[in-house]
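Reviewing the structure listed below.
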Amino acid sequence: MLPIGFYRTLLWCYPAPFRHEYGAEMIGAFAEQVREARQQGGWQAEASIWISTLFDVLVTAPREHSHVIHQDLRYAIRTLASQPGFAAVAVLSLALGIGANTAIFTLINSVLLSALPVRDPHSLVILTNPASNGVTIGGKSGEREELTSSEFRQLRDLSSVFASLMACQIQPERVPVRVDGSEPAETVVQLVSSEYFSTLGVPALLGRTLSPDDDPAAPNAVISYDYWQRRFGRRADVLGSRIAIRQGVFSIIGVAPASFFGETVGQRPEIWVPLSMQPAVLPGRDWLHENPGDREKVMWLHVFGRLKPGIRIETAQAAANVTFQQGLAVFYGSAERARRQWLKLRPAASGASQIRGQFAEPLTMLLLASGLVLLIACANLGNLLLTRTTARIREMSVRLALGAGRGRLIRQLLTESMVVAFVGGIAGLGAAWILRAGLLRLVSDTIHLPGAPDARVLGFAFALTLVAGLILGLLPALRTMSVNAGAGLKEQGRGVTGSAAWLRTGKFVVVGQMALSLPLLVGAGLLLQTLQNLQHADLGYVKERLFLVRVDVQMAGYEEQRRLAVFQRLLERVRAEPGVQAASYSKSGLFLGSRSSGHVKVEGYTPEGGDGVRSVWDHAGPDYFSTLGIPLLLGREITERDRPSSNKVCVINEAFAKRFFADRNPLGMHVDRYEIVGVARDSRNRSLRDEVEARFYIPAAQATDVPRFITFVVRTVAEPSSVLAAVRQTILSEDRNLPITAASTLTELVNRQMVQDRLLARLSTAFGVVGLFLAAIGLYGVVSYGVARRTNEIGIRKALGAPHSAVMAMILRETGLLLAVGLVSGLALCAAGMRFITSRLYGLAPTDPVALGVAITVLTGVALIAGWLPAYRASRVDPLVALRCE
Amino acid sequence: MSSDVSDPDSLLPLPTAVFHILVALADRDRHGYSIMQDIAARTGGKVRLSAGTLYSSIHRMLEQGLVEELRESPDPLSQDERRRYYHLTRWGRRVAMAEARRLTEMLSQARETGLIPKKL
C-alpha cells in the first residue's frame, strides 16, 4: 500500500496555519487508523481507509481555505470601515481609473474585437473591402472594394463554395420617411438583397425577414428594433403598416432582433428594403443593371458569403475570382482587362467597418494613457496603504511575536487591497458606463455602437481590478516582509511616524509617478498642438464664411440635357441672395468625401505602363476659384464663357503641374481633349493631412456626362448659417422635389475631419492633468512625511540659529532631487514611447521642444508647489515645540 | 470566541461530525484518534471520521468555544508527546443538549404524523 509519507504530501492541500497546527496530529491519527485496518482486515480495509481519506481531503481542504479567506475578508472589511475617509478616496480613485480604462476598452471591443450578433459569425467572409465607404462610379483596377448588382448576381450562383451569398448597400441613405401619412422624418434606409438576413442567420423577432420571394421588386420592409420602439411604441400590429420612402410605399413585414445592428460596425440602419426596390429609393438612375462596356457602372455593394463547411477561404477566393473575371471579360470584351481586377476574400466575423481603421490607433493610444493614469493612482493608494501599514507595524509585530505566520499577515494585507480594488472595480463598471456615453458623444453623433458590456469587457475589468489589487497590496506586503517582531515593538518609541524604510519606498514610488506623468503631459501637449495645427492648416483658401449645399438633380428626375440649365438658374438665384458675396459650384465640393478619378492622357507625358495615368478631377462651375479665393499661378480660371460649344479647357493644380510637366510650361498642353488654360495653387478638399493630389478641373458645361449632382460653394459677407438656411429655401423654391443631400458650413466639415484628433487631444489632456494631480498628491505625502520625521532635527537646527530660508532650502532640495530623478526617467520613457505617437502628429515632431518644455515646466511647477507646502510648514516649526517631540 | 453567546440555538443545527465529537467527549477527555475510535465503536462502524474532517471540525469547535485543548495529558500513562487532548466545555455541553433536544423534537414530530412508528 501507499506509504504514510504520501498522506503528509496530501496535507499540503490545507492552508499553512491549519497544517502547522494539526498536521502532526492528523498524520498520527491516520497512521493509527491504517495500522488498525491492517491488523483487522488486510489490504482491502487499508485501501478503503486510503480512499475515504482522499475524498476527505478533497472536501475539507477547500473548506479550510474558504474559512481563512472568509476570516480575512471580515477583518479587512472591519479595518476599512474603521477608516471611511481612506476607503472612500481609494474606492473613488480606483473607480475612476478602472472606469476610464474599461470605457475605452468597450469602444475598442465594439469597434475592433466583437463578432457580429449573427449565427456562426466565423464562417462568414466578405468579398469586398470591409473598410470601403461609399459608391464608386466608373472604372477600377486592382482589388475590387465594391461590387455592382450584376456582379453580385453572377457570384450568387456560385454554390460550390458558398452556402449562400448576400449583398447590401455600403452606405445606407438618410432619407425622409413617412409613416402612415405622418410628417416625413429622416430615417436611415439600407437596400439589401433578399438573402441578407438568411445569409447572416438573423431571424425576425416579429413577422418575417426578406426572402427570395421579395425579389421581383416587392415593396416590403424589415425595420430595426430601435425604430419599432421609437416610431411604433413596440406595437405588435406594426406588421402591415405602410411607410413611404421617396417614390415607393412599403409594407412592414418584420422586426429585426434588438441586438442586430446590421453588418457594418458603426452604422445602424433603421429600415431594410429589397435591393430590387432601388429605383424607388434611389430614383433617377439604374443601379441594378449595366450594359457591357458602360463607362459609368455603379459599384455600391458589399458582398458577404457564408462558406460551406470544410471550404477554406483561399479555395472560395479562387472560385469567386474565376466567376468574377469571367463576368468582367464579357463586360469589357477583353479577358486581359478582366484580369486586372480581382476579389480578395477576408474573414468577416466582425463585419465591415469604415471606422475600424480610423479609430484603432487613437483608441489603443488612449488605452495606454489611461493605463498609465491607473498605474499612478494605484501607486498613490499603495503609498497610502503603506503609510497605514507602517502605522500598524506595532500591531504586526505583536501578531508576529504571538506566532502569526508572515505569510498570513501578507495575505491579510493583500485581502485588504483586493477588497478595495473589487469595490473600486464594481464602481468602475458603473463609471465606465457613464464615461462610455460621453466618449461616444465626443467621437461622433453619427456613429452607433452596440452598448451592452459582453464577457470580454467584464473580463477586462476583472483582470484590471485584480492587477490593481495586486499593485496596491504589493508595497505594504513588501514592507511586512522586513518587519521583525522585536524591531517593530522598539520602533514604536519614536512615535507613529517611525519608519525610514517606508520613506525610501515612498520616494521611489513618487519618482516613478513623476516619471510616468511626464510622457502623459508631453503626449497631451503634442496632441493639443497637433489639433491647433490642424485647425490652422492652410487649405489654400479661407475656410471661414463659406458653406456648401449639395443638390442631386438626377434623383429629382432631371435628364442630362436639362441639368446645365438648372445648375445655371440655381447659381444665379443663390448669387442674388442677400448676404452672399460670391458663389459657384463643383461636383465633388469640399470635404464631403466624394471624388472622381480615372485614367487620363497627359500630353507630352509618357507613363511607364503605357495605358495612361490616374488622376483626380472635378467639374467646376464658373468663377469657382475666385469664389473660394484660390489664386491662379498661371493663365486664367473657368468662366461663363466656357460653354459646351466653345474650346474644351481645363485648369490643373500645382501638384498636377509638378508631377506631369516638371519644368515645362503646361499652358496650351492637353489633358485628354481639354486644353490647359490655367494653373491654380494647391488647395485641400479631402484630407488635412495627406499630400495634395494631382488634380484638374473641367468646366461642368463641357463634361462628357453632365454631373448628376453638384455642390454649391457659397462665400458669405458675414456669419454663414443664416444665409445657409435662406439658400436652402431658394433651392427648394426652384423645385420642391430637389433633394438636398448635404448642407453645412466648411468649418463644420473640416471639424469632422478632426474627430479623432480632438478625441485624442482632449482625453490625453484630461489624463495628463489627472496623472499630474495624482503625482503631486503623492509627492506632497512623501515630503510631508519626511518633514514630520525630521521635525526634531529641524527644531535643533533652528535652535542653533538656522534661518527660515535655510530650512526651506533644505526641504526643497530634497524635492528637487526627487523631481530631477523623476524627470530624467520620464524623458527616457518619452523617448521609448515616441513611436506610438509619431503618426498622429501634424506639423511638429515628437521631440517638439515647446511641448517638451511646457510639460517639464508644468511638472516642475506643480512638484515645487507640492514640495513647498511642507517645506514652508517646516520652516515655521517652533524649536521648543519641535524639541518637545522627542 | 462565541462562548459568550448565550443562546446555544444560534449554532444549530450542528454538523453531524461536530455532534458526534461532542458526544464522544461527554464522558471523558480524549485525543483525536480516541475520538475517532469512540465514534466508530458507538455507531458500530457506520460512522468513521477521517482525520481531515475530525481536525477541521475541532478547529471550528475550538473557535466557537465548544471544546478546549488541555495543557497536560489526562492520561499519565500516555507516552505520546504529539497527542493533544480535548475537553468538552460547559458551553459545548449546552450546545450539545440543545442539538439533542432539536433532534428529539424532530423525531417526535415524525412519530406524531405517523411517518414513522412509535417504536422503531
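The values are calculated or read from the model by the stated rules, or taken from the named source; none is laboratory data. Please read these numbers as outputs of a predicted model, since none were measured by experiment. No Cβ is skipped: glycine too gets one built from the backbone with ideal geometry, and neighbour counts run over all protein chains shown.
Per-structure values
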{"item": "Qualifying positions in the range A:505-519 - among the hydroxyl-bearing types (Ser, Thr, Tyr) and crowded, with 24+ Cβ neighbours inside 10 Å", "result": "A:Ser517"}
{"item": "Hits in the range B:94-120 - residues which are under 27 Å from B:Ile21 (Cα atoms) and among the β-branched types (Val, Ile, Thr)", "result": "B:Val95, B:Thr104"}
{"item": "Criterion (of a type in the set (D, E, K, R), part of a helix (DSSP H, G or I), within 9 Å of chain B (Cβ to nearest Cβ) and buried (at least 18 other Cβ atoms within 10 Å of the Cβ)) met by exactly one of A:Glu46, A:Glu64, A:Glu36", "result": "A:Glu64"}
{"item": "Residue within the range A:710-725 that is surrounded by 18 or more Cβ atoms within 10 Å (Cβ to Cβ), among the basic types (Lys, Arg) and outside the structural domain of A:Ala90 (by TED's automatic domain parsing) present", "result": "yes"}
{"item": "First in the range A:597-622 and within 18 Å of A:Lys648 (Cα to Cα) and of a type in the set (Asp, Glu), second anywhere and surrounded by 20 or more Cβ atoms within 10 Å (Cβ to Cβ) and modelled with pLDDT of 80 or more, Cβ under 6 Å, 6 or more apart", "result": "A:Asp618/A:Ser586; A:Asp618/A:Lys587; A:Asp618/A:Ser588; A:Asp618/A:Tyr697"}
{"item": "The range A:220-247, residues that are within 23 Å of A:Leu282 (Cβ to Cβ) and hydroxyl-bearing (Ser, Thr, Tyr)", "result": "A:Ser224, A:Tyr227, A:Ser241"}
{"item": "Pairs where the first residue, in the range B:1-29, is modelled with pLDDT under 90 and the second is surrounded by 12 or more Cβ atoms within 10 Å (Cβ to Cβ) and among the aromatic types (Phe, Trp, Tyr), C-beta under 7 Å, 6+ apart", "result": "B:Ser3/B:Trp91"}
{"item": "The lone exception for A:Leu116 - which of (1) assigned to a helix (DSSP H, G or I); (2) over 30 Å from A:Ile410 (Cβ atoms); (3) away from chain B (no Cβ under 13 Å) it fails", "result": "(1)"}
{"item": "Meets criteria (among the β-branched types (Val, Ile, Thr) and not assigned by TED's automatic domain parsing to the domain that holds A:Arg408) for A:Val68", "result": "yes"}
{"item": "Close pairs (6 angstrom Cβ cut-off, 6 or more residues apart or separate chains): touching a residue at least 24 places away in the same chain (Cβ under 8 Å) and within 17 Å of A:Ser517 (Cα to Cα) in the range A:839-858, of a type in the set (Gly, Ala, Ser) and surrounded by 12 or more Cβ atoms within 10 Å (Cβ to Cβ) anywhere", "result": "A:Ala851/A:Gly525; A:Val854/A:Gly525; A:Ala855/A:Gly525"}
{"item": "Test: residue in the range A:255-262 that is buried (at least 19 other Cβ atoms within 10 Å of the Cβ), in contact (Cβ under 8 Å) with a residue 60 or more places away in the chain and more than 30 Å from A:Gly357 (Cβ to Cβ)", "result": "no"}
{"item": "Scan of the range A:718-739 for residues that are among the polar types (S, T, N, Q) and within 20 Å of A:Val553 (Cβ to Cβ), ordered by number", "result": "A:Gln729, A:Thr730, A:Ser733, A:Asn737"}
{"item": "Candidate set from the range A:360-379 (those that are surrounded by fewer than 22 Cβ atoms within 10 Å (Cβ to Cβ) and either among the aromatic types (Phe, Trp, Tyr) or farther than 17 Å from A:Arg840 by Cβ (or both)); member that is modelled with the highest pLDDT", "result": "A:Gly371"}
{"item": "Odd one out for A:Arg614, checked against (1) at pLDDT below 90; (2) touching a helix residue (DSSP H, G or I) at 6+ places or on another chain (Cβ under 9 Å)", "result": "(2)"}
{"item": "Qualifying residue in the range A:682-697 (condition: more than 36 Å from the chain's Cα centre (by Cα) and of a type in the set (A, V, I, L, M, F, W, C))", "result": "no"}
{"item": "Strands (runs of 3 or more DSSP E) contained in the range A:624-730 and holding at least 1 residues closer than 29 Å to A:Asp294 by Cβ and free of Cβ contacts under 8 Å to residues at least 40 places away in the same chain", "result": "A:674-680"}
{"item": "Residues (at pLDDT below 85 and among the hydrophobic types (A, V, I, L, M, F, W, C)) located in the range A:436-467", "result": "A:Ala437, A:Leu439, A:Leu440, A:Leu442, A:Val443, A:Ile447, A:Leu449, A:Ala452"}
{"item": "Residue match in the range A:327-339 (condition: under 35 Å from the mean Cα position of the chain (by Cα), of a type in the set (Phe, Trp, Tyr) and surrounded by 13 or more Cβ atoms within 10 Å (Cβ to Cβ))", "result": "no"}
{"item": "Strands (runs of 3 or more DSSP E) completely within the range A:143-218 that count 3 or more residues being under 22 Å from A:Ser353 (Cα atoms) and touching a Cys at 6+ places or on another chain (Cβ under 9 Å)", "result": "A:185-192"}
{"item": "Residue check, A:Arg312 touching a residue at least 40 places away in the same chain (Cβ under 8 Å) and farther than 18 Å from A:Glu143 by Cα", "result": "no"}
{"item": "Flag if A:Ser93 is at pLDDT below 90, assigned to a helix (DSSP H, G or I) and within 16 Å of A:Val420 (Cα to Cα)", "result": "yes"}
{"item": "Members of the range B:24-70 that are surrounded by 17 or more Cβ atoms within 10 Å (Cβ to Cβ), away from chain A (no Cβ under 13 Å), farther than 14 Å from B:Arg84 by Cα and within 11 Å of the chain's Cα centre (by Cα)", "result": "B:Ala24, B:Leu66"}
{"item": "Number of the condition not met by A:Gly41 [criteria: (1) under 30 Å from B:Glu69 (Cβ atoms); (2) more than 53 Å from the chain's Cα centre (by Cα); (3) within 13 Å of chain B (Cβ to nearest Cβ)]", "result": "(1)"}
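Residues are listed down the side, and each one gets a yes or a no for (1) assigned by TED's automatic domain parsing to the domain that holds A:Cys168; (2) more than 20 Å from A:Gly181 (Cα to Cα); (3) of a type in the set (S, T, N, Q):
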position: A:Thr199; (1), (2), (3): yes, yes, yes
position: A:Leu205; (1), (2), (3): yes, yes, no
position: A:Val222; (1), (2), (3): yes, no, no
position: A:Arg230; (1), (2), (3): yes, no, no
position: A:Arg242; (1), (2), (3): yes, no, no
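For every residue, the table says whether it meets (1) assigned by TED's automatic domain parsing to the domain that holds A:Gln190; (2) within 30 Å of A:Ser764 (Cα to Cα); (3) hydrophobic (A, V, I, L, M, F, W, C).
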| residue | (1), (2), (3) |
| --- | --- |
| A:Arg63 | no, no, no |
| A:Val89 | no, yes, yes |
| A:Ser93 | no, yes, no |
| A:Leu107 | no, yes, yes |
| A:Val125 | yes, no, yes |
| A:Ser132 | yes, yes, no |
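Yes or no, residue by residue, for (1) at pLDDT 90 or above; (2) over 30 Å from A:Leu518 (Cα atoms); (3) out of contact with any Leu (no Cβ under 7 Å at 6 or more places or on another chain):
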site	(1), (2), (3)
A:Leu738	no, yes, no
A:Ser744	yes, yes, no
A:Met754	no, no, no
A:Ser764	no, no, no
A:Ala788	no, no, yes
A:Gly801	no, yes, yes
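Yes/no per residue for (1) within 27 Å of A:Gly134 (Cα to Cα); (2) surrounded by 14 or more Cβ atoms within 10 Å (Cβ to Cβ); (3) basic (Lys, Arg):
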site: A:Leu548; (1), (2), (3): yes, yes, no
site: A:Val551; (1), (2), (3): yes, yes, no
site: A:Met555; (1), (2), (3): yes, yes, no
site: A:Glu559; (1), (2), (3): yes, no, no
site: A:Glu572; (1), (2), (3): no, no, no
site: A:Ala576; (1), (2), (3): no, no, no
site: A:Ala582; (1), (2), (3): no, yes, no
site: A:Tyr605; (1), (2), (3): no, yes, no
site: A:Glu608; (1), (2), (3): no, no, no
